[in-house]
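One structure is given here, and the rest of the page talks about it.
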Amino acid sequence: MKLVIGCCLLVSCVATTAVAQKSASVNWGVTLGISSTKLNYKDNGGTQSPAPDLKWDRSNDLTGGLFAEIKFAKANWFSMRNDLTHRKYDAESGDYYNGVGQTHAFGSVKAHYLKYSLSVRAAITKKTVQPFVTLGVSPSYLISQTNSYIINYGVTQARQPLLTGSKSFEFGYYGGAGISYNRITGEVRVETSNGLRPSEMTSPVNTVYVLFSYRLLEN
């Protein structure tokens, strides 16, 4: 992971130098879209949490933020995009007991992130309508999270923590494709990240994004 972060910093420095030397321009704008997130927890051995045994529903949420896209004068089919967005999910699980008997139990995990995405884009054509493909990495900082495991005995209800020892930093990578026309861009991204990583568990997270961007300024 340190190598990936180091490469990201190097790429950012090269792009910043290109802008300073006026061999590249920067487009600024806003992004808004929908994320569809699927959680998964895997026991590394010894966990007491029921999270790995739960089947999680997809969480569909709004996401949005700002972007800066660097375009290079000598290779106008290629660009680098930086996104700073707010991302969240509010995931719930199915019944631990699968509806059998009087006792039912459900898990809930809510998380809010500040997410930075760095990607490279390659346009497939140089026409007014430009389809493109993109690849990127997406480190995120956890702003807040809550989790619970609710056991309903029919008459009484008990609530307890579902996860312990969660990490505050998440790292992911993604690929996608989209279309740009004038100031508007639409794209789909498919992302895999390492999630909250609670104690004695791995927590891969798969997210699909449908995003729309609007360019406000160009330098």
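Count of the range 182-199 residues, restricted to those that are at pLDDT below 95, surrounded by fewer than 15 Cβ atoms within 10 Å (Cβ to Cβ) and not small (Gly, Ala, Ser), is 2.
Checked against (1) small (Gly, Ala, Ser); (2) farther than 30 Å from residue 217 by Cα; (3) modelled with pLDDT of 95 or more, residue 166 passes all but condition (3). Does the range 85-93 contain at least one residue that is over 23 Å from residue 166 (Cβ atoms), of a type outside the set (A, V, I, L, M) and part of a strand (DSSP E or B)? No: the range 85-93 contains no residue that is over 23 Å from residue 166 (Cβ atoms), of a type outside the set (A, V, I, L, M) and part of a strand (DSSP E or B). Which residue out of 180, 140 is of a type in the set (Ser, Thr, Tyr) and over 20 Å from residue 77 (Cα atoms)? Within the list 180, 140, the selection yields 140.
Between 174, 116, the distinction of being in a strand (DSSP E or B), modelled with pLDDT of 95 or more and either surrounded by fewer than 15 Cβ atoms within 10 Å (Cβ to Cβ) or out of contact with any Gly (no Cβ under 9 Å at 6 or more places or on another chain) (or both) belongs to 116 only. Once the range 177-194 is narrowed to residues that are outside any strand (DSSP E or B) and farther than 19 Å from residue 88 by Cα, the residue that is farthest from the chain's Cα centre (by Cα) is 182.
Among the residues of the range 197-216, is any among the aliphatic types (A, V, I, L, M) and in a loop (DSSP other than H, G, I, E, B)?
No, there is no match, as no residue in the range 197-216 is among the aliphatic types (A, V, I, L, M) and in a loop (DSSP other than H, G, I, E, B).
Considering (1) more than 26 Å from residue 55 (Cα to Cα); (2) surrounded by 13 or more Cβ atoms within 10 Å (Cβ to Cβ); (3) of a type in the set (A, V, I, L, M, F, W, C); (4) more than 24 Å from the chain's Cα centre (by Cα), the lone condition that residue 150 does not fulfil carries the number (1). Within the range 195-219, residues that are touching a residue at least 40 places away in the same chain (Cβ under 8 Å) reach partners that are among the aliphatic types (A, V, I, L, M) and in a loop (DSSP other than H, G, I, E, B) with beta carbons closer than 6 Å, at six or more positions or on different chains, in the pairs 198/163; 203/196.
Scoring residue 152 on the criteria (1) out of contact with any strand residue (DSSP E or B) (no Cβ under 8 Å at 6 or more places or on another chain); (2) more than 26 Å from residue 85 (Cβ to Cβ) leaves a single failure, condition (1). Of the residues making up the range 124-149, those that are at pLDDT below 95 and either closer than 14 Å to residue 173 by Cα or not hydroxyl-bearing (Ser, Thr, Tyr) (or both) number 5.
Scanning the range 60-104 for residues that are among the β-branched types (Val, Ile, Thr), over 30 Å from residue 123 (Cβ atoms) and either touching a strand residue (DSSP E or B) at 6+ places or on another chain (Cβ under 8 Å) or surrounded by 13 or more Cβ atoms within 10 Å (Cβ to Cβ) (or both) yields a total of 1.
The values are calculated or read from the model by the stated rules, or taken from the named source; none is laboratory data. Just so you know, these numbers come straight off a predicted model, no measurement behind them. Every residue, glycine among them, receives a Cβ derived from its backbone with ideal geometry; neighbour counts consider all protein chains shown.
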